[in-house]
Amino acid sequence: MQSRGMQRWLSLRLAERFGVWSNDEKSFPFPNAFIWDIFRRLLSDLPRSSAFEPDILTWRIMAVLPELIEKGGFDAPCRYFRSGSDPLKLYQFARRMADLFDQYTVYRPEMLRAWEQGGGDEDEPWQAVLWRRLAGEGRPAHKGAVLETFLEMAGQGAVSQDQLPARVAVFGIPSLPPMHLAVFQALAHYVEINLFLLNPSREYWGDIVSAREAMRRKRQLSFDGFIESDLYLSAGNPLLASLGGLGRDFFRMLLENLDFEEEHSCFGEPTENSLLHALQSDILMLRERPGRNAPRLMVGEDDLSVRIHSCHSPLREMEVLHDQLLDLFDSSADLKPNDIVVMIPDIETYAPYISAVFEGMGDEHRIPFRIADRGMRGQNEVADAFFKILALPGGRCGAAQVLDILEAPAVLRSAGMTTGDLDVVRGWVRETGIRWGIDAQDRQRHGVPAYEQNSWRAGLDRLLLGYACGDGDRLLDGILPFAPVEGGQAHPLGSFVDFAEKLFAVAGGLHKSRSAAQWADFLEEVLDLFFQTSRDFEEELEALRQQVRRLREHAGAARYETEIPLEVVRNCLDEALQQSASAHGFLAGGVTFCALLPMRAIPFRVVVLAGMNDGVFPRTPQPAGFDLIARRPRPGDRSVRSEDRYLFLEALVSAREQLLISYVGQSVRDGSSLPPSVLVSELLDVIERGFQLKEGRLLDQLVVEHRLQAFHPAYFAENSGLFSYSRENAAARAARLSACLLYTSDAADEEDSVDLGGRRII
């Protein structure tokens, strides 16, 4: 499998089956890790980590690229660098190339083999030159070359079954590159390989095409003399044809490249007792409405299985979602929070709004929840404070910037201070007139005259002298003592001064360039200075230390010893922390909020897709202009946009009872309409064509447009179609009506009426 979320779900199912299940980290490896482990079992000279892994390859490219650029022929890198003296640009370009070469080893190994034999690309010949320099002499140990060696051994029968696992199960993966399929095909001659795959339709759907693809093919073939009526292109089910391209290509590759001994299908019986189930049934049966065997279906006015909510902002989306979930719990007594999943394309952006809404409710309306898939930078308080320290050289050491670091709980505890001490320190900083700059020399580095007034050095001197002599009426050696510091404040004063001195010493050291290994040593010292190991922060601190150690290990494996500035190290660590998202919190009790990632096709009674905004999902990544895979694509290549479209289809199929979708569909500035994701629009088009109400327009029932404010009167009026469970908003609305009655004798209009005893306000 290739999803920690799927791993968690499968572990829970196995625990239900066997009573207990543990130590599943080694039982459920990702495909890349599993295949490299197989290679290492059969080829003993392979290292645990390949020198062609992107993290190591980045530093190797940084080491050789400047020299190659000077020799000429590297037009694309030269256009990017303009001058080769920017280390940060060099690192970012090397990182991009390392990721690109890693894709080449998986999807274009034959191209790399041709490069190694002296060939080159006609469009980007500099990539072949760079690759030959990285591959060096002999047989390189990248995945493409090792695959070739493995297939030779497997074809010659030189593989011992004792070196292989007894059985391999590939569980729930939506797509695999041809390289992985070749490995599994070779292994199948020695061990049992079981593929557990999710197929949205029980009919053969390898030849269906979307309406757009059908038009493109007809237009293309018309130029070749074909008559359009002679061309038969089937759409089958429009949603499956449009969204299922990734799965269709994958199943076709399986049939073409793998030899199956047995095939078992486990499809449930289709039902049409709700709009959601009818949509799923049409996908399962590969039918289109309206059609010969599938007329337009009547939808009941009380059918709530599919709802789309148009809001003004992410905050309003979460407020609306909270009310919707409370209503679901009211209407279904056996529905539990862990039966609900909320998937969001940009979980980092929505995480603060989720916490603000779901944590801000009283106990009566509190819904337990967990947020998964957040990057370590977003949820690690230690990492956040650590990066604020690393940002000191780029700022002016303003009073707010320094106190913001001290306010971090981990730093405050390590400094031996309490929140009460922090309040005292804030008063000292304000009253001593500390504004910005460490001292006069630091201010001079920022291009201003070297004066010390209102700097940290001047303020700390006043505090220490005030504690020492207690006389604030006269100058002592040109310094006015800060008299309010008393004897009982000795401990917070000493702790604060010690913290400031260490912080400014570190800030001075951050200006110096070092090798990656020296930076790792220096940063570990910074962690020791400002973060005390404790039970509350032990896991976060260790995760950060691990990333610092990896910086040393990766650069050391690449033998990169050139000195680099802080900005390169900071960019490297920040990127690593952002990518180190885990499934911590997934299916851990309560409503699960998670990222909208591949392999989220886990059955939940209620599936919520939030943040489905136009231009956000599906993603449209912009490949580099020198990306040869994007320039000459092939079937089986990875496509982020196709992955997202298939993910939307999986989410639609995996919802057992209800599917809720929300998006920012109204401008917060002027209320103008904003379109949803094109995938939501496609779903609405299919519903409008194939389903109907007895009276009225179906989309008017499905799409709910919400108001800008949660306390709008429509949420507390009868028969408005909107509702709220918020006592606070109801009270605010009632207070507004009472205030209006003080100035007018007219009765409140019907829109302003509030039924405080209704079901909506508990």
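The values are calculated or read from the model by the stated rules, or taken from the named source; none is laboratory data. Quantities reported herein were computed from a predicted structural model and do not represent experimental measurements. Cβ sites come from the backbone with ideal geometry, for glycine too, and all protein chains shown count toward neighbours. Side chains are part of the model used for accessible areas, which takes the heavy atoms of the whole protein and leaves out ligands, DNA and RNA. Shrake-Rupley method; radii C 1.70, N 1.55, O 1.52, S 1.80 Å.
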Per-region count, the range 382-394, residues more than 26 Å from the chain's Cα centre (by Cα) and open to solvent by 20 Å² or more (accessible area, probe 1.4 Å) = 2
Flagged pairs (Cβ under 6 angstrom, 6 or more apart or on separate chains; first in the range 50-73, on the phi < 0 side of the Ramachandran plot; second among the basic types (Lys, Arg) and surrounded by fewer than 16 Cβ atoms within 10 Å (Cβ to Cβ)) are Val64/Arg133
Is it the case that some residue within the range 476-485 is closer than 25 Å to Phe386 by Cβ and loosely packed, with under 13 Cβ neighbours inside 10 Å?
-> no
Would you please name the residue that is nearest to Phe691 (Cα to Cα), looking only at residues in the range 250-276 that are touching a strand residue (DSSP E or B) at 6+ places or on another chain (Cβ under 9 Å) and assigned to a helix (DSSP H, G or I)?
-> Leu275
Failed condition for Val678, given (1) open to solvent by 70 Å² or more (accessible area, probe 1.4 Å); (2) of a type in the set (A, V, I, L, M, F, W, C); (3) over 29 Å from Pro337 (Cα atoms) | (1)
Would you mind finding the one in Glu688, Glu728 that is more than 30 Å from Gln280 (Cβ to Cβ), assigned to a helix (DSSP H, G or I) and open to solvent by 60 Å² or more (accessible area, probe 1.4 Å)?
-> Glu728
Number of positions in the range 395-411 that are under 16 Å from Leu493 (Cβ atoms) and open to solvent by 10 Å² or more (accessible area, probe 1.4 Å) | 1
Output for the range 160-179, where each listed residue is outside any loop (DSSP other than H, G, I, E, B) and either open to solvent by less than 20 Å² (accessible area, probe 1.4 Å) or touching a strand residue (DSSP E or B) at 6+ places or on another chain (Cβ under 7 Å) (or both) | Arg167, Val168, Ala169, Val170, Phe171, Met179
What do you reckon, is Arg96 open to solvent by less than 30 Å² (accessible area, probe 1.4 Å), within 34 Å of the chain's Cα centre (by Cα) and of a type in the set (D, E, K, R)?
-> no
Exactly one of Ala182, Ala214, Ala186 is at pLDDT below 90, buried (at least 16 other Cβ atoms within 10 Å of the Cβ) and in a helix (DSSP H, G or I), and that one is Ala214
Going by the structure shown, is Asp327 in a helix (DSSP H, G or I), surrounded by fewer than 21 Cβ atoms within 10 Å (Cβ to Cβ) and not small (Gly, Ala, Ser)?
-> yes
Over the range 333-378, the set of residues assigned to a helix (DSSP H, G or I), in contact with a strand residue (DSSP E or B) (Cβ under 9 Å, 6 or more places away or on another chain) and free of Cβ contacts under 8 Å to residues at least 24 places away in the same chain is Ser355, Glu359
So is Leu88 surrounded by fewer than 17 Cβ atoms within 10 Å (Cβ to Cβ), within 23 Å of Val569 (Cα to Cα) and in contact (Cβ under 8 Å) with a residue 24 or more places away in the chain or not?
-> yes
Given the conditions (1) farther than 29 Å from Gln622 by Cβ; (2) assigned to a loop (DSSP other than H, G, I, E, B); (3) not acidic (Asp, Glu), which single one is not true for Ser50?
-> (1)
Residues satisfying the stated conditions in the range 273-311, i.e. over 30 Å from His706 (Cβ atoms), open to solvent by 10 Å² or more (accessible area, probe 1.4 Å) and touching a Ser or Thr at 6+ places or on another chain (Cβ under 7 Å) = Leu284, Leu286
May I ask you to say which residue of Glu269, Glu317 is surrounded by 16 or more Cβ atoms within 10 Å (Cβ to Cβ) and among the acidic types (Asp, Glu)?
-> Glu317
From the list Asp423, Asp473, pick out the single residue that is of a type in the set (Asp, Glu), out of contact with any strand residue (DSSP E or B) (no Cβ under 6 Å at 6 or more places or on another chain), modelled with pLDDT of 90 or more and open to solvent by 50 Å² or more (accessible area, probe 1.4 Å).
-> Asp423
